[in-house]
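Here is the structure we will look at, set down as structure tokens.
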Amino acid sequence: MVPGFLAGTYTLDEISIEVAPLVARAEGRLIEGSAAALDPARRIVRLKSGQEIEYDLVSFAIGSTTAGIDREEIAGGAVPVKPLDRVIDLKGRLDNLARDRPERERRAAVVGGGAAGYEVVLAIRAALGPGAQIHLIERGPRLLAEYPERFRKKALAVLAEKRIEAVTDASVERLLPDRAVLSTGREIPSDLTIWLAGAVGWSLFRDAGLPLDERGFLLLDDSLRSVEDPKIFAAGDCGTMVNFPQTPKAGVYAVRQAPILWESLRASLRGEEGPRYRPQPGFLSILNLGDGRSLMHWKGLVVEGKAVFRLKDWIDREFVGKYR
């Protein structure tokens, strides 16, 4: 629902879930803070505040970070979307840009041509208006490379309809306050550059010396445990299963992993073998086009329209409603 929030379709309250009541309902203890380090030998998670949390078992669901955003020539100018609380800041900056400048002087770019970048660039078009200068930049040769050609053709037609220029085969070498400098030498005018250039793992696991895949995600067995340390578990984007390494980093898989993770934790405490997670072969994908329409892909079926957005809206609201 985040692109819908950026586009003005949803309020912050509509896309937010309060964690504290869920923890209280589970008779748990909520500690607000950021994990800075993991020490598997001492079984401790250290927070940025310096507090150390001891564990018998620990599970991570910290998602991913964005590739390249920590580069010196990028970090000062890139606007991140992850962690998702950064979206609130981005929404404020979009609102300020829309308020302070005439429409034709509003300039923004999104770096990253995957599904997230595609939805966000269309949300920015909705937020800044049809006259704003908007670019979508992808270092590879194709936008939405993970989708079939028929879906891509429709998706690219929407970008053309919205007058969003797609720039492929070009990486961003440097960000300046008013432009992005590409590897091709071209300079893209942009006063707001959102960085969504691919998912990579956080340094937390790497610094702990745990086995990782090539993108820095924690390697897991079929019970969602670290392949090296059976006291460490993970679910969602932050882990990669060694037997199913091609599983997409998509939220639907995290949702399906949740009950397996729960049963694996319980089994570990009992000294038993945990259940095995088997990723589903495919999933329903619906991309928000930012104008009351959505584009759907499901088992070869490609459909676009307002009815598809209504379906997406219903699914999303039902999901969030479960945690209210």
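The values are calculated or read from the model by the stated rules, or taken from the named source; none is laboratory data. None of these values were measured; they are calculated from a predicted model. Counting neighbours? That spans all protein chains shown, and the Cβs are built from the backbone with ideal geometry, glycine included. Please note that ligands, DNA and RNA were not included when accessible areas were found on the heavy atoms of the full protein model with its side chains. Shrake-Rupley method; radii C 1.70, N 1.55, O 1.52, S 1.80 Å.
Given a 1.4 Å probe, how much area per residue of segment 1-151 is accessible, in Å²?
That works out to 53 Å² for each residue.
To the nearest 20 debye, what charge dipole does the chain have about its Cα centre, counting +1 at the Cβ of each Lys and Arg and -1 at the Cβ of each Asp and Glu?
I would put it at about 880 debye.
Report, to the nearest whole %, how much of the accessible area of the chain belongs to carbon and sulfur atoms, 1.4 Å probe, protein only.
51 percent
Filter the DSSP H helices in the chain by two things, a Kyte-Doolittle mean of at least -0.5 and an axial alpha-carbon span of 24 angstrom or more, and list the hits by number.
251-270
Would you mind working out the magnitude of the charge dipole of segment 132-184 relative to its Cα centre, with +1 at each Lys and Arg C-beta and -1 at each Asp and Glu C-beta, to the nearest 20 Debye?
Using only the charged Cβ atoms, the result is roughly 200 debye.
Using the Karplus curve 6.51 cos²θ - 1.76 cosθ + 1.60 with θ = phi - 60°, what ³J(HN,Hα) values do you get for each residue of segment 217-230, in whole Hz, with x for Gly and Pro?
Once θ is set to phi - 60°, the couplings for segment 217-230 become 8, 5, 7, 10, 8, 6, 9, 6, 9, 4, 5, 9, 10, x Hz.
Please list, in chain and number order, the residues 5+ apart from Gly290 or on another chain whose amide H is under 5 Å from its amide H, with Hs placed from the backbone.
Here nothing satisfies the definition.
Can you give me the relative contact order of the chain as a percent, contacts being Cα pairs under 8 Å and 6 or more apart?
It comes to 17 percent, rounded to a whole number.
Would you mind computing, in nm to one decimal, how far apart the modelled labels at Arg104 and Lys153 are, each placed 7 Å from Cα along Cα→Cβ?
3.6 nm
Between Tyr323 and Ile53, what is the FRET efficiency for a Förster distance of 35 Å, r being their Cβ-Cβ separation, to the nearest 0.05?
0.90
Stokes-Einstein D for segment 163-275 at 37 °C, 0.692 mPa s, Kirkwood Rh over Cα pairs, in µm²/s?
After rounding, the answer is 196 µm²/s.
Contour minus end-to-end for Thr11 and Arg256, with contour as 0.36 nm per residue of separation and end-to-end as the Cα-Cα distance?
Between Thr11 and Arg256, full extension yields 85.5 nm more.
With θ taken as phi - 60° and the coefficients 6.51, -1.76 and 1.60, list the Karplus ³J(HN,Hα) couplings across segment 138-145 in order, rounded to whole Hz; mark glycine and proline as x.
9, 6, x, x, 9, 6, 6, 4
Using a Gaussian network model on the chain with a 10 Å cutoff between Cα atoms, which of Ala307, Ala123, Ala24 fluctuates the most?
Among Ala307, Ala123, Ala24, the largest mean-square fluctuation in the Gaussian network model of the chain belongs to Ala24.
Hey, got a sec? Which trypsin sites (Lys or Arg not before Pro) in segment 60-112 land in a DSSP loop and have at most 15 other Cβ atoms within 10 Å?
Arg71
Enumerate the amide H contacts of Ala166 below 5 Å, restricted to partners 5 or more residues apart or on another chain; note that Pro and chain-start residues carry no placed amide H.
Close amide H contacts, sequence-distant or interchain: Leu136.
Charges only on Cβ, +1 for Lys and Arg, -1 for Asp and Glu: so what's the dipole of segment 195-324 about the Cα centre, in debye to the nearest 20?
540 debye
Using +1 at the Cβ of each Lys and Arg and -1 at the Cβ of each Asp and Glu in the chain, identify which of Val242, Pro130, Leu30 lies farthest towards the dipole's positive end.
Value: Pro130.
HN-Hα J couplings of segment 26-33 from phi, Karplus 6.51/-1.76/1.60, θ = phi - 60°, integer Hz, Gly and Pro as x?
8, 6, x, 10, 9, 10, 8, x
Amide H neighbours of Arg179 under 5 Å, counting only residues 5+ apart in sequence or on other chains, H built in-plane at 1.01 Å?
Ser190
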